[in-house]
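Taking it in order: structure first as structure tokens, then the write-up.
The values are calculated or read from the model by the stated rules, or taken from the named source; none is laboratory data. Keep in mind the model is a prediction, meaning the values are calculated, not measured. Virtual Cβ from ideal backbone geometry, glycine too; neighbours counted across all protein chains shown.
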Ligand SMILES: Nc1nc2c(c(=O)[nH]1)N[C@H]1C(S)=C(S)[C@@H](COP(=O)(O)OP(=O)(O)OC[C@H]3O[C@@H](n4cnc5c(=O)[nH]c(N)nc54)[C@H](O)[C@@H]3O)O[C@H]1N2
Ligand SMILES: Nc1nc2c(c(=O)[nH]1)N[C@H]1C(S)=C(S)[C@@H](COP(=O)(O)OP(=O)(O)OC[C@H]3O[C@@H](n4cnc5c(=O)[nH]c(N)nc54)[C@H](O)[C@@H]3O)O[C@H]1N2
Ligand code: SF4
Ligand SMILES: [Mo]
């Protein structure tokens, strides 16, 4: 057992349960008492020879609290940590399958150097020494031949991402982009530009929630998913807009099968009713607290419910009724901001139309509404970033869209710039924990980009499709083997907490952490000083202001900061340009963008054409499909289609079909679904793998990124994954 990783004693458990229950009762009027300690789950295995160790799940970004049950040096079971407020005694199927990931024979076991052509699959096993020397040499060569910005970095989204970012900074490249530009940047932009920050939804205390373009009962987000379940039991009304009959739709009070891409019409009409029937929060919408209300009132006059009905397919009387119902519950009511908004070319404006409804409801910074970030108190240790004279002035995709989020960038625009060699060449790629071949639209384009590079190094735990095309593949360690820095977590009203991970078992094979890899490379590249610390040193700096936090994490699995939840902005201005909520946005106006959302009809599928949409299944996280336990639930993906158009095309359930977009095609089985909109088809992500070493999903079903075309949101450069139109035919 590693240093600092305390075995949890029976006493520790009881103490933790009591502390958490007291916190719940004290600070939140007892709501959590019903959710907290699950006695059975809390029972540590008491058999001799068993050890119980706190950890934090990493099978998706949620970081649910876990207790690993270890016997004879092997992880036998992963239980939920009942005292962890963010996940409150929940671990999902994916979390449980963390064991199958740890012990998977398909895992990368040692560094591999490409021998044949890219994608040919010829590899040579090399030692870590050789791998690190080779990698450092290649990176240095690109810096010398081009510039340091000639290496781009995709540092994943993980607690160790900060080390890869630090490495990129000190090496001298600002071309760093995470998967956020394929996920939520348009949503973030919309809320930043309305409220000055990205909110956390207080679903738990809400009475009325409209969910549009999200599926929290399958796309699990803790604590939102748990809050939705609890709020529903407490009588909160849930209204879902989705072209598919999802699990969330099934459990909601109302489901409206919206025409894809038309949500803005619904929300503008909702605003129309809220304003014209004077149902909005007049106090919150006064000029001292909100900028641009009068102009917005004029703006939405054109957007009547009758007009919206023709666009989005939701009856005008339902729109009017929903407006009246939600207003009656405000401010304990909201349009759920959602997470992934990588949908359409106008996603930022679409989410702005939702954010503005929230502004009209007056729910900002209030119970049951949208919450500002809370105080967690974990510090980000500072470091020096050297200046390199010959570096270009900005990121490679700077200025391509008006609302680029500078520290995230846009993967698609970066890919475009690499392919064009403009405004300067990028010839290297350093990637950790991202699988763009399966998660970025237009896989052929990603391959073409790779062919333009001199060097590509990929750190993963599997030989993914992306790794398959790399020059050097480095085996990462999994969360159960890793020692991580402290990570600050937030979410709804439930928590502002800090957690950490210590290894539950020693590293398997020759797997290593990105921290170790960056440290070794930094030494070779002459900036070893920037990584001259241990994870313990780093944690100490992070926790400088939080006395007792480390002990709390070791004894309870998490440290809570009982900081203020509501009314954070009561006496201070918002972080917007005007200091108040912005319905009308002057920065957009200056950037030649609509300062208020203007509806434009999305491109419509033509004759025998369908819109391709995606969405999560509860079984997998994105492309992490190659898992022995999880593939028991689902072995391949299928194309979902409504029976009516299928009949017109002469297609039957189970037929092998070809789904063709203007960029490429894929083959998979057809599955008829009554609940899907007639001009929409759907397929799950993470199948049709090109890499034979993803043995369970290799050539099973089809890869959606092969079919998806290369659209992006016009404000942020965030991917737009629902713009692709496809044709479907039977394969004979
Ligand atoms: N087709 C399609 N594309 C999508 C989406 C979709 O639903 N469908 N969703 C979009 C969204 S919302 C997002 S957030 C992005 C996500 O985009 P990505 O981050 O690229 O998605 P993942 O498939 O989760 O890829 C994570 C990679 O990390 C590896 N990995 C997992 N754990 C570890 C570890 O501990 N160490 C190391 N070194 N590697 C690890 C996995 O093997 C996998 O290759 O995708 C976006 N793109
Ligand atoms: N099990 C599981 N849970 C996850 C993840 C995972 O991979 N697996 N990923 C995590 C991540 S990174 C993210 S970002 C979140 C994503 O969480 P969500 O955004 O909730 O997940 P999606 O499944 O992408 O849901 C989008 C829904 O929008 C619908 N939709 C498509 N077009 C339209 C439209 O025009 N209008 C409306 N109203 N709806 C539309 C789709 O049918 C789909 O049901 O999930 C997180 N949780
Ligand atoms: S939601 Fe599931 S996979 Fe994600 S962190 Fe929690 S238990 Fe793990
Ligand atoms: Mo995401």
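For region 76-91, the condition holds for no residue, the condition being that it is in contact (Cβ under 8 Å) with a residue 24 or more places away in the chain, outside any strand (DSSP E or B) and either surrounded by fewer than 20 Cβ atoms within 10 Å (Cβ to Cβ) or more than 26 Å from the chain's Cα centre (by Cα) (or both).
Applying the criterion of being under 21 Å from the mean Cα position of the chain (by Cα) and over 30 Å from residue 205 (Cβ atoms) to the residues of region 481-497, the residue that is surrounded by the most Cβ atoms within 10 Å (Cβ to Cβ) is 484. Restricting the first member to region 179-199 and to residues that are within 16 Å of residue 357 (Cα to Cα) and assigned to a helix (DSSP H, G or I), and the second to residues that are within 16 Å of ligand 3 (Cβ to nearest atom) and at pLDDT 95 or above, the beta-carbon pairs closer than 8 Å and six or more apart or on different chains are 187/339; 187/340. Does region 377-399 contain at least one residue that is over 30 Å from residue 172 (Cα atoms), assigned to a loop (DSSP other than H, G, I, E, B) and more than 16 Å from ligand 3 (Cβ to nearest atom)? No, region 377-399 has no match at all.
Selection of region 173-182 for residues being within 15 Å of ligand 2 (Cβ to nearest atom) and surrounded by 22 or more Cβ atoms within 10 Å (Cβ to Cβ) yields 178, 179, 181, 182.
Identification of strands (runs of 3 or more DSSP E) wholly contained in region 613-718 with 3 or more residues that are under 25 Å from residue 249 (Cβ atoms) yields 638-641, 665-672, 680-682. Of all residues assigned to region 623-630, at least one qualifies as being modelled with pLDDT of 95 or more, touching a strand residue (DSSP E or B) at 6+ places or on another chain (Cβ under 7 Å), under 30 Å from residue 101 (Cβ atoms) and within 16 Å of ligand 3 (Cβ to nearest atom).
Suppose we filter 67, 99 for residues that are out of contact with any helix residue (DSSP H, G or I) (no Cβ under 8 Å at 6 or more places or on another chain), under 30 Å from residue 223 (Cα atoms) and surrounded by fewer than 23 Cβ atoms within 10 Å (Cβ to Cβ); which single one remains? Within the list 67, 99, the selection yields 99. Checked against (1) more than 24 Å from residue 49 (Cα to Cα); (2) assigned to a helix (DSSP H, G or I); (3) in contact with a strand residue (DSSP E or B) (Cβ under 8 Å, 6 or more places away or on another chain), residue 94 passes all but condition (3).
Residues checked against (1) over 30 Å from residue 129 (Cα atoms); (2) part of a helix (DSSP H, G or I); (3) in contact with a helix residue (DSSP H, G or I) (Cβ under 9 Å, 6 or more places away or on another chain):
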residue: 536; (1), (2), (3): no, yes, no
residue: 563; (1), (2), (3): yes, no, no
residue: 571; (1), (2), (3): yes, no, no
residue: 578; (1), (2), (3): yes, no, yes
residue: 584; (1), (2), (3): yes, no, yes
residue: 594; (1), (2), (3): yes, no, yes
residue: 601; (1), (2), (3): yes, no, yes
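Of all the listed residues (118, 125, 107), the sole one being more than 21 Å from residue 433 (Cβ to Cβ) and more than 16 Å from ligand 2 (Cβ to nearest atom) is 125.
Checked against (1) at pLDDT below 95; (2) away from ligand 2 (no atom under 16 Å from the Cβ), residue 657 passes all but a single condition, namely (1). Consider region 625-660 and keep the residues that are in contact with a helix residue (DSSP H, G or I) (Cβ under 9 Å, 6 or more places away or on another chain) and surrounded by fewer than 22 Cβ atoms within 10 Å (Cβ to Cβ). The one that is nearest to residue 710 (Cα to Cα) is 660. For region 414-421, the count of residues that are surrounded by fewer than 23 Cβ atoms within 10 Å (Cβ to Cβ), modelled with pLDDT under 95 and under 21 Å from residue 186 (Cα atoms) is zero. Taking residues in region 209-238 that are under 15 Å from residue 90 (Cβ atoms), and partners anywhere that are part of a helix (DSSP H, G or I) and within 11 Å of ligand 3 (Cβ to nearest atom), the pairs with Cβ atoms closer than 7 Å and at least 6 places apart or on different chains are 216/224; 216/225; 217/225. The single condition among (1) touching a residue at least 60 places away in the same chain (Cβ under 8 Å); (2) more than 16 Å from ligand 4 (Cβ to nearest atom); (3) within 28 Å of the chain's Cα centre (by Cα); (4) surrounded by fewer than 20 Cβ atoms within 10 Å (Cβ to Cβ) that residue 261 does not satisfy is (4). Within region 46-60, the set of residues being near ligand 3 (Cβ under 7 Å from one of its atoms) and at pLDDT below 95 is empty.
Within region 224-254, the residues that satisfy the criterion of being part of a loop (DSSP other than H, G, I, E, B) and either closer than 20 Å to residue 492 by Cα or touching a strand residue (DSSP E or B) at 6+ places or on another chain (Cβ under 6 Å) (or both) are 234, 235, 236, 243, 252, 253.
Just to confirm my filter: which helices (runs of 4 or more DSSP H) fall fully inside region 409-511 and include at least 3 residues that are in contact with a strand residue (DSSP E or B) (Cβ under 8 Å, 6 or more places away or on another chain) and in contact (Cβ under 8 Å) with a residue 24 or more places away in the chain? Reasoning before the result, please.
Working: elements: 411-420, 436-439, 443-451, 465-468.
Hits in region 409-511: 411-420, 465-468.
Criterion first (within 30 Å of residue 545 (Cα to Cα) and touching a helix residue (DSSP H, G or I) at 6+ places or on another chain (Cβ under 6 Å)) does residue 386 satisfy it? Considered against the rule, which asks whether it is within 30 Å of residue 545 (Cα to Cα) and touching a helix residue (DSSP H, G or I) at 6+ places or on another chain (Cβ under 6 Å), residue 386 comes out as no.
Have a look at 105, 140 and point out the one that is surrounded by fewer than 21 Cβ atoms within 10 Å (Cβ to Cβ) and assigned to a loop (DSSP other than H, G, I, E, B).
Just a single option satisfies the conditions, and that option is 105.
Quick grid of which residues meet (1) part of a loop (DSSP other than H, G, I, E, B); (2) crowded, with 22+ Cβ neighbours inside 10 Å; (3) in contact (Cβ under 8 Å) with a residue 12 or more places away in the chain:
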site	(1), (2), (3)
129	no, no, no
133	no, no, yes
136	no, no, yes
149	no, yes, yes
169	no, no, yes
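Once region 498-511 is narrowed to residues that are surrounded by fewer than 23 Cβ atoms within 10 Å (Cβ to Cβ) and touching a helix residue (DSSP H, G or I) at 6+ places or on another chain (Cβ under 9 Å), the residue that is nearest to residue 224 (Cα to Cα) is 502.
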